[in-house]
1. Give me the net charge for the shell around ASP166: Cβ to Cβ below 12 angstrom, other residues only, Lys and Arg +1, Asp and Glu -1.
2. For ASN94 paired with GLU197, estimate the spin-label separation in nm (one decimal), with each label point 7 Å from Cα along the Cα-to-Cβ line.
3. Taking the Cα-to-Cβ direction at GLU154 and at LEU177 and moving 7 Å from each Cα, how far apart do the two end points lie in nm?
4. Please rank HIS82, HIS170, fewest neighbouring Cβ atoms within 10 Å first, as an exposure proxy.
5. Set the bar at 28 Å for Cα to Cα. Now go through LYS150/LYS200; LYS34/LYS65; LYS29/LYS65; LYS51/LYS109; LYS29/LYS109; LYS109/LYS193 and name every pair that lies beyond it.
6. Please give the FRET efficiency for ILE86 paired with LYS143, using the beta carbon to beta carbon distance and R0 = 41 Å, rounded to the nearest 0.05.
7. Taking neighbour Cβ counts within 10 Å as the exposure measure, how do SER169, SER103 sort from fewest upward?
Amino acid sequence: MYVFSRNIIHLLQQPILKILKPSLPYNDKQLIIKLKRGDRKAFETIFYRYKARLYYFALGYLHSKDDAEEIVQTTFVSLWEHRHLIIEKLPIKNYLFRIEVNSIYNYLKYQAVRRKYEERTLKTVTITENYTEDYLHEEELSKALGDIIKQLPERQREVFNLSRRDGMSHGEIANSLGLSIRSVENQVYRSLKFIREKLKREYSI
């Protein structure tokens, strides 16, 4: 694992479709040689040369600007961290798109698992509420859920309450708190997982 400089972190945080900056006049092989030596200018050139193509490729699969931008950032993070493994005779774009395809695949697989888990968790909570007489009285269940929600980290609790208590969509929450939609989805998912585990462990539900 390599430590990023502030310059590289700032670079990756820029809007993907920002106007291109002048790049070094090198071909792929020359850039790869310099990149493997840790040349940040070479990395910056590769970033500006390929970021737009990678962004639109990811957007075609994910249909989300925020998710596409995160995938592109993940792709370049992986490029930097594993630069010593790059084979010089291969075009850099082949390496980048292979990383991105794997990132997209893993992301879609994770999303499918997350949605399935979330649906199952919500179903469990719903069933619990419908059969409170077998476990807890409704008032006791409400208090138990409230106590568990209070144990969530502050930002996670805020996102969860906006979603479940106030009925805001993930997009609305993202805009309100300045987060990406993917970040909001992850916060809700972790909250539901924590609540379900707590109910099962402490209340046998």
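Each value in this text was obtained by applying a stated rule to the coordinates, not by laboratory testing. Predicted model, so just to flag it, every value in this text is computed and none were measured. A quick note on method: Cβ atoms are made from the backbone with ideal geometry, for glycine too, and the neighbour counts reach across all protein chains shown.
1. Taking every other residue near ASP166 into account, the sum is 0.
2. Output for this residue pair reads 4.3 nm.
3. Using points 7 Å along Cα→Cβ, the separation is 1.3 nm.
4. HIS82, HIS170
5. Check vs 28 Å cut-off fails for LYS34/LYS65; LYS29/LYS65; LYS29/LYS109.
6. After rounding to 0.05, the efficiency reads 0.15.
7. So the residues, fewest neighbours to most, are SER169, SER103.
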